[in-house]
Amino acid sequence: MHPNILKIQENIEPLRQQIINHKVYSAISELEDLQVFMEHHIYAVWDFMSLLKALQINLTCTTLPWFPVGDAVTRQLINEIVAGEESDVDADGKIKSHFELYLDAMAQCGANVLPVKNFLSSLQKGRDFDMAFELAQVPQAARDFVKATFDTINSGKTHLQAASFTFGREDLIPKMFNTIV
């Protein structure tokens, strides 16, 4: 592994451990706890996809006409991740995104999916984030998280997007869920 990556990992390890061992995971002991967690966490699932799509836009060609853009290995990696996230298979063999699978899981456990659906509907209608947050009554912690992600996306700095995705999401998420399970 590249020495710079090792240095980054070393520097962020205390923060990673704080997230992995956060008390919120041990607080999930009842169905209602899980519902509340999911009603907040769904926004992180959604903005994960937005961050990934920003990387796809910046590191591959997503316009017409098509041209080979950037490094072929990077293109393959990003496109494989996108394909996996956008087109997984549920228990019934239906193809769904991980976001849609999470919504299904929320519905199965009785969590309220209406706010996130209203949030996305507002964005699709052209409303800005603040208005969409208000109309959908998105929890403040979720708003702050999404805003931070979109600050990174809107920076246009691919290296920041890649670092956020790699070190703050893709590498971290499995360890967080191991703590819950």
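For this structure, a couple of remarks:
- Pairs of lysines in the chain (C-alpha under 24 Å apart; 8 or more residues apart or interchain): 20
- Based on DSSP H segments of at least four residues, each scored -39500 (n - 2.57), the chain has a per-residue ellipticity at 222 nm of -22500 deg cm²/dmol.
- Among LYS23, LYS96, a tally of other beta-carbon atoms within 10 Å of each Cβ gives an order, fewest to most, of LYS23, LYS96.
- Dimensions of the chain from C-alpha coordinates, computed as largest minus smallest value along each principal axis and given longest first, are 47, 41, 37 Å.
- Overall form of the range 1-72 per C-alpha gyration tensor (a/c, 1.5; a/b vs b/c): oblate
- Amide H contacts of CYS61 (H built 1.01 Å from N, under 5 Å, at least 5 apart or other chain): VAL69
- Relative contact order (%) - criterion: Cα under 8 Å, at least six apart; region: the chain: 30 percent
All of the numbers you see were taken from the coordinates with simple rules; none came from a lab. Every value quoted in this text rests on a predicted model; they were computed, and no experiment measured them. As a convention, Cβ positions derive from the backbone with ideal geometry for all residues, glycine included, and neighbour counts pool all protein chains shown.
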